[in-house]
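Worksheet: one structure, shown below.
Quick note: the coordinates plus some simple rules give every number you see, no bench work behind them. Keep in mind that this is a model prediction, so the values were computed, not measured. For neighbour counting, all protein chains shown are included, and Cβ atoms are generated from backbone atoms with ideal geometry for every residue, glycine included.
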Amino acid sequence: MRSYTLDDFARMIDHTNLRPDATREDMGRLCDEAVRYHFRMVAINPVQSALCAELLAGTDVHVGAAIGFPLGQISVASKVFETKDALSSGANEIDYVVNLTEVKAGNWTYVEDEMERVVAACREAGATSKVIFENCLLTQDEKIALCGVASKVLPDFIKTSTGFSTGGATVEDVRLMRAHVDQRVKVKAAGRIRDAETFLAMVAAGAERVGCTRSIPVMEGLKARMAADGVDHYDL
């Protein structure tokens, strides 16, 4: 069990705007909100990396680029190039989507090689790496097998979902991932986390990072809940 203040919760949130029609003004708003609430990161499409890095210069808010997003259906070489390009443009965190075709084929050599190469590019740049499973499209055995690959490669995080498929994070999936991956690898919950109660359930299940588009309602809900309970922290 650990104690969490409101700021501790904020520092777990990846404040997200991955819409294809996001404007420069939207990116400015996203970054302003991230600084104001002290979120850990803005999660954006790679093409926005340079702009967000500029907007967030001098702050401790990270820039996180989504690679092979949202389908993961590009080659390993393309994912590595996209990763390095985003990092050279100012990103310092990477969330990439695994190749689900190869997962479904049980081609774990391919999956491990892909993970090794993307994670290696992140390590070389001193950047945080996150591997997106897209659990709503996977069987329990496939999720566990992916945890096994991650336990060998040791990315910084494994992540439940893109938020763009048929389902998002579930408490059950967070628990399963936490139970089956090496303790050195953290778990990120993402997708359809829209209120304080769901956020707290994900953290209690073992998530150490949470991706949200509805980050501000989550934080305002946490703030109101703590005020109503007369506490300045929660133990989860």
Worksheet entry | Projected label distance in nm at residue 8 and residue 113, using a 7 Å step from Cα toward the beta-carbon | 4.3 nm
Worksheet entry | residue 97 long-range amide H proximity, modeled H, under 5 Å | 67, 132
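What is the mean projected area of the alpha carbon convex hull for segment 3-235, to one decimal in square nanometres?
Hull-based average projected area comes out at 11.7 nm².
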Worksheet entry | Net charge, residue 95 excluded, C-beta distance under 12 Å - Lys, Arg +1, Asp, Glu -1 | 0
Fill in: Label-point gap, in nm, between residue 171 and residue 152 - each point 7 angstrom along Cα→Cβ
3.4 nm
Worksheet item: What whole number of Å gives the distance from the Cα centroid of segment 1-77 to the Cα centroid of segment 209-223?
Response: 13 Å
Worksheet item: Hey, what do the phi angles of segment 71-86 turn into as Karplus ³J(HN,Hα) couplings, whole Hz, using 6.51/-1.76/1.60 and θ = phi - 60°, x for Gly and Pro?
Response: 9, x, 9, 10, 5, 4, 4, 5, 5, 5, 4, 4, 4, 5, 5, 5
Worksheet item: So which of 84/143; 104/152; 152/223 end up more than 30 Å apart by C-alpha?
Response: 152/223
Discussion item. Skipping prolines and chain starts, which residues have an amide H placed within reach, meaning under 5 Å, of the one on residue 186, given they are 5 or more residues away or on another chain?
Written reply: 157, 158
Item to complete: List, in order, the whole-Hz ³J(HN,Hα) value for each residue of segment 93-103 obtained from phi through the Karplus relation with A = 6.51, B = -1.76, C = 1.60 and θ = phi - 60°; use x for Gly and Pro.
Response: 9, 10, 10, 10, 9, 5, 7, 5, 4, 6, 4
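Round to the nearest 0.05 the FRET efficiency obtained for residue 194 and residue 235 when R0 = 25 Å and r is the Cβ-Cβ distance.
0.60
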Item to complete: Using DSSP to define loop residues, name the chymotrypsin sites (Phe, Trp or Tyr not before Pro) in segment 135-236 whose beta-carbon has at most 16 other beta-carbon atoms within 10 Å.
Response: 164
Response to the item:
Simple SL model, points at 7 angstrom along Cα→Cβ for residue 228 and residue 26; separation in nm is 3.2 nm
